[in-house]
Amino acid sequence: MSLREGWSEIMNRTVAMVFVCLVLLSSSACRFGSRVEGGEPPSGGGSGGGGTGAQTEKWSGYYEAEARTLEFCVLHEKDPDPSCIEISPSENIPSMISSIITNPSGFLVLDESKSLGAIFSNTFDPQVDPYIPTTINFGNGALNVDAYTDPSTVFVDPACVYGRFVKGDGNLAQGGSGTINGIKTRGVLNLDLSVVTLTEGDCKPTLELMAACYQNENDCGGSSIDDNLRLQRRVQLYFGEYINSGALDPADIPGVQGMAYGVSYR
């Protein structure tokens, strides 16, 4: 199922998470980008978050993870349906995901008693690098991702904030072990992943300012040339992947209601 076809389901699940994750900020169960506690992966995990259990031994390790498709979608106030475009995933996957899901990718059982795991890059540093938290069905290797980033100010007005919500499902398919980039693998990571960006608050003035700033750094409202360039860079980072993909025209920024991209590793 493409991101366009699954848009309503993804957005409904994500809006439900907004109330949990933007309002109940003290919750960390689904937070994206937390640090893996413990030593170098894939050690750690275990029956209660420490030591090594049978399921940790069975599932933890490195898996082939090759991106097959990449799709960007934007929901605009002028159209009830999202505008979507599919492009090659080669070198186009946003760094938020490409820095974590590498080929191969690591998987670590964090806590057997809670069926919690983590997907991480093959250059993972537990002191500084983020990971994608998952749940895992130990019976068949099925994975589910429901994670989020902490909310942040979209631009300069604290009245407008955004959060990114990471949704996904797939499985770890064991067997056919091999070596990729010098790392031994024990199977394949199959995963459909969507990253949704939603705003909260009075955001219309912010989006109008960002649209003007994207077109001309002198309209960014900064206190100096350097400040204006810094602000324009923020706008480019926020919208750039969608604009570069062709899913969003800069002139349409003021009417953006939601953005999402989907990557399939199947």
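Throughout, read-outs are computed from the coordinates displayed, never taken from laboratory work. On a predicted model such as this, the values are computed, not experimentally measured, just so you know. Cβ placement follows ideal geometry from the backbone for every residue including glycine, while neighbour counts extend to all protein chains displayed.
The figures follow:
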{"item": "Charge dipole (segment 54-203, unit charges on Cβ, about Cα centre) - positive-most of LEU143, LEU193, LEU75", "result": "LEU143"}
{"item": "Gyration tensor verdict on segment 116-223 (Cα atoms; rounded if a/c is under 1.5, prolate if a/b is larger than b/c, oblate otherwise)", "result": "prolate"}
{"item": "Overall form of segment 191-266 per C-alpha gyration tensor (a/c, 1.5; a/b vs b/c)", "result": "prolate"}
{"item": "Segment 68-115: C-alpha gyration tensor shape, a/c 1.5 cut-off, then a/b vs b/c", "result": "oblate"}
{"item": "Unit charges at the beta carbon, dipole of segment 73-139: most positive-side option, SER90, GLN127, VAL109", "result": "VAL109"}
{"item": "Pairwise centroid distance, computed over Cα atoms, of segment 159-231 with segment 84-148, Å", "result": "15 Å"}
{"item": "Ranked PHE120, PHE155, criterion: other C-beta atoms within 10 Å, fewest first", "result": "PHE155, PHE120"}
{"item": "Point-to-point label distance, SER88-SER224, nm (Cα→Cβ direction, 7 Å offset)", "result": "4.2 nm"}
{"item": "Positive minus negative residues near ALA67 (Lys, Arg vs Asp, Glu; Cβ under 14 Å)", "result": "-4"}
